[in-house]
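Please read the structure below before turning to the comments.
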Amino acid sequence: MFQQRALACLSIFALILVLGGCEAAAHNSKSASSNLSSSSITQRSSDDDEKISAILCPVGLVSGKTLDEEFGPGTAEITRCLENGKIKVVYSLNKACTTEACTKAYGLINIDNAIKDYEITHGLVAGLDYTIVAVVYGNGHLLVVDNNAANPFAEPNPFQTQVQGLIDKGVQFYFCQNAARSNKVVTANLLPGIKYVTAGVTAIADFQESGYSYVSP
């Protein structure tokens, strides 16, 4: 009888040891799995961040040279690149020229430079990653008239090629109807693709409320 009880106790003790060992093994396995999962997630996140940093700037070279080649050693390390996606910008164009002889357009070069930075330097896509709107008002009316219109405006547009080029790149031009009214511009005078706003000053504020950042060249 004593031997039977001893054997029973030994069996129970052995079972406890086995179960304890299994539980510990399971815990260790779970812990190891958790650590591995956490490590792999962290590593993947780190890798992605490095890839993003490497890809975003510069994707392409505006001048054909690297930043260090163009501006000197160490330039790339002290250059801040864009960090925000889904960029929306509204430009204010309230005059057509920057010189009395009207040889240089107001703001158009800045818009074109922005497009180069978005697309060449950062690899962004118009309409997908960034949107540019130009609100033309005040004395900017010459920028939106079409020299080749069936009903041409009284004064020619000296920058028609530049404006058309920006429209072709996805820039949306909105013309103030107050400016149209005061300068006697009608729809038949306008370049294809030009749209209206009822007032330039209210439209700019409205675009800002819609998440557009305001830029005045």
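The values are calculated or read from the model by the stated rules, or taken from the named source; none is laboratory data. Please read all numbers here as calculations on a predicted model, not as lab measurements. Here the Cβ is made from the backbone with ideal geometry for all residues, glycine too, and neighbour counts use every protein chain on show. Keep in mind that these areas ignore ligands, DNA and RNA; they rest on the heavy atoms of the full protein, side chains included. Shrake-Rupley method; radii C 1.70, N 1.55, O 1.52, S 1.80 Å.
Can you give the local net charge around Cys102? Use residues other than it whose beta-carbon is closer than 15 angstrom to its beta-carbon, Lys and Arg +1, Asp and Glu -1. In short, 0. If you take the charge dipole of region 65-217 about its Cα centre, with +1 on Lys and Arg Cβ and -1 on Asp and Glu Cβ, which of Pro73, Gln160, Gly127 is farthest toward its positive end? Going by the Cα projections, it comes out as Gln160. For region 96-217, the solvent-accessible area with a 1.4 angstrom probe is 49 square angstrom per residue. Neighbours of Val62, meaning other residues whose beta-carbon lies under 13 angstrom from its beta-carbon, give a summed charge of -3 when Lys and Arg score +1 and Asp and Glu score -1.
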